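Input: a single structure, listed below in structure tokens.
The values are calculated or read from the model by the stated rules, or taken from the named source; none is laboratory data. Please read all numbers here as calculations on a predicted model, not as lab measurements. Positions of Cβ are generated from backbone atoms using ideal geometry, with glycine treated the same way; all protein chains shown enter the neighbour counts.
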Amino acid sequence: MRRRDLLAGAAGIGVAGLGAGAVYGDVFGGDDAMASVDLPRIEAPGSPPGTETVPEPGRVTLVEVFATWCSVCARSMAPLSEVAASVADAQVVSVTNEPVGQTVTEDDVAEWWREHDGDWPVAYDPELTLTERLDAAGVPYTVVLDADNRIVSTARGHQSAERLRERLAAAR
């Protein structure tokens, strides 16, 4: 009886593993590239009205998920600004997953952006689609994707400009 239970358990684990592989992409040789999401931009310095495609196909992308109430996010703006100003060949975008239009307005985010010298695209994730795809459970959360939209690195918390550059270099 124990042998049968052991075999059934092992088979269950194998099926679960194959299911997860099918969902996440590489057990069956599938493409593990992340599908892009079109997010509404917040009109602010460096962020014209319209939408931002994240990640941008064909470009290395650095995404910083942030919140205006987060003090570590505010402290992370200086290194992000330094990197965003120095990389023309990569997409750098900050995305808030706050409920814009409910507890915070676009104007609130734009004001926070100006106060912290943001000067690159800033968008919000109204359906949390990107947040879920990146598995961004906290803020700040940094993700670097290669030009094929595959996640190369993730990090939680404050990142120095040097560390951000290293992450971008690893994606090229």
Problem set entry | The one condition in (1) part of a loop (DSSP other than H, G, I, E, B); (2) out of contact with any Lys or Arg (no Cβ under 6 Å at 6 or more places or on another chain) that residue 138 fails to fulfil | (2)
For this session: Tally the residues that are assigned to a helix (DSSP H, G or I) and either crowded, with 18+ Cβ neighbours inside 10 Å or not hydrophobic (A, V, I, L, M, F, W, C) (or both), restricting the search to the stretch 74-107.
Result: 12
Exercise. Among the candidates 11, 16, 110, which residue alone is of a type in the set (Gly, Ala, Ser), outside any loop (DSSP other than H, G, I, E, B), more than 17 Å from residue 140 (Cα to Cα) and modelled with pLDDT of 95 or more?
Worked result: 110
Problem set entry | Single residue of 171, 123, 155 found to be free of Cβ contacts under 8 Å to residues at least 24 places away in the same chain, within 14 Å of residue 62 (Cα to Cα) and of a type outside the set (Val, Ile, Thr) | 155
Exercise. For residue 120, which of the numbered conditions (1) within 17 Å of residue 163 (Cα to Cα); (2) not in a strand (DSSP E or B) fails to hold?
Worked result: (1)
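Kindly evaluate residue 127 against the criterion of being farther than 11 Å from residue 44 by Cβ and assigned to a loop (DSSP other than H, G, I, E, B). Talk me through it step by step, then tell me what you get.
On the way: farther than 11 Å from residue 44 by Cβ: yes; assigned to a loop (DSSP other than H, G, I, E, B): yes.
The answer is yes for residue 127.
Looking at this structure, is residue 114 in contact (Cβ under 8 Å) with a residue 24 or more places away in the chain, of a type outside the set (Asp, Glu), in the same structural domain as residue 59 (by TED's automatic domain parsing) and exposed (fewer than 15 other Cβ atoms within 10 Å of the Cβ)?
Numbers: in contact (Cβ under 8 Å) with a residue 24 or more places away in the chain: yes; of a type outside the set (Asp, Glu): yes; in the same structural domain as residue 59 (by TED's automatic domain parsing): yes; exposed (fewer than 15 other Cβ atoms within 10 Å of the Cβ): yes.
In short, yes.
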For this session: Kindly provide the set of residues from the stretch 19-37 that are exposed (fewer than 13 other Cβ atoms within 10 Å of the Cβ) and modelled with pLDDT of 50 or more, ordered by number.
Result: 31, 32, 35
